[in-house]
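The block underneath contains the structure these notes are about, expressed in structure tokens.
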Amino acid sequence: MTKKSIPRLIALASAALAITGCFSLQHAPIQKIGGEHVLVSNYGWYLFHFIPLACGNTSEDRWAPWVFFRNDVRMDTLQGRFMAYANERGLETEELTFRGKESVMFEIPGINLPLPVPYLLTYREIQLSGVLVPENAKSEGVE
């Protein structure tokens, strides 16, 4: 390995890790009722649309933010993390909304230039959002 190839190797490894996948759990307080709005999302890359290459790591005891060759872009994993978050805070769920996106053309999110190579490298993203409310606010019908 030459001195010139080391920076290229580092740049290639950094680029690969930058597009691997991402799991996130974001929340915002709702002051009026003492609840929260929560958004849980994950995305990943697949070979031939079925073989998982890399995605965000949804494990609660994760040591890395991504995982390779495991499919964590699934509704059951997102629901599990969403419900665990709600249970930790002792809140009830309301108004759950699901959104999914799949792209079968080779494209990088945010750049609208798909390459005409369908099903070689595909992208999948799912999101689950909802409102967490205290049990008394849910039973009282507070809006």
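Could you tell me whether region 105-113 includes any residue that is under 17 Å from Cys22 (Cα atoms) and either of a type in the set (Phe, Trp, Tyr) or modelled with pLDDT of 90 or more (or both)? Looking through region 105-113, none of the residues is under 17 Å from Cys22 (Cα atoms) and either of a type in the set (Phe, Trp, Tyr) or modelled with pLDDT of 90 or more (or both). Tell me whether region 82-92 contains one or more residues that are surrounded by fewer than 14 Cβ atoms within 10 Å (Cβ to Cβ), part of a loop (DSSP other than H, G, I, E, B) and of a type in the set (Gly, Ala, Ser). Yes: one or more hits. With respect to being in contact with a strand residue (DSSP E or B) (Cβ under 9 Å, 6 or more places away or on another chain), at negative phi, at pLDDT 85 or above and surrounded by 12 or more Cβ atoms within 10 Å (Cβ to Cβ), Thr97 falls outside the description.
Among the listed residues Val73, Val131, which satisfies the condition of being modelled with pLDDT of 90 or more, touching a Cys at 6+ places or on another chain (Cβ under 6 Å) and among the β-branched types (Val, Ile, Thr)?
Values: Val131 fails: touching a Cys at 6+ places or on another chain (Cβ under 6 Å).
Checking each option against the conditions leaves just Val73.
Taking region 9-33 as the search range and keeping residues that are among the small types (Gly, Ala, Ser) and at pLDDT 85 or above, which one is nearest to Val67 (Cα to Cα)? Talk me through it step by step, then tell me what you get.
Quick first cut of region 9-33, residues among the small types (Gly, Ala, Ser) only: 11, 13-16, 18, 21, 24, 28.
With the extra rule that they be at pLDDT 85 or above, the set shrinks to 24, 28.
On the way: Ser24: 14, Ala28: 27 Å.
Restricting to residues being among the small types (Gly, Ala, Ser) and at pLDDT 85 or above, the top hit is Ser24.
Counting only strands (runs of 3 or more DSSP E) that fall entirely inside region 27-71 and contain at least 2 residues that are touching a Pro at 6+ places or on another chain (Cβ under 7 Å) and either without any contact (Cβ under 8 Å) to a residue 24 or more places away in the chain or small (Gly, Ala, Ser) (or both), the qualifying elements are 35-47. When region 27-55 is limited to residues that are closer than 17 Å to Ser129 by Cα and in contact with an Asp or Glu (Cβ under 8 Å, 6 or more places away or on another chain), the one that is surrounded by the most Cβ atoms within 10 Å (Cβ to Cβ) turns out to be Asn42.
The values are calculated or read from the model by the stated rules, or taken from the named source; none is laboratory data. Owing to the predicted nature of the structure, the values given are computational and were not obtained by experimental measurement. Glycine gets a Cβ as well: all are built from the backbone with ideal geometry, and neighbour counts include every protein chain shown.
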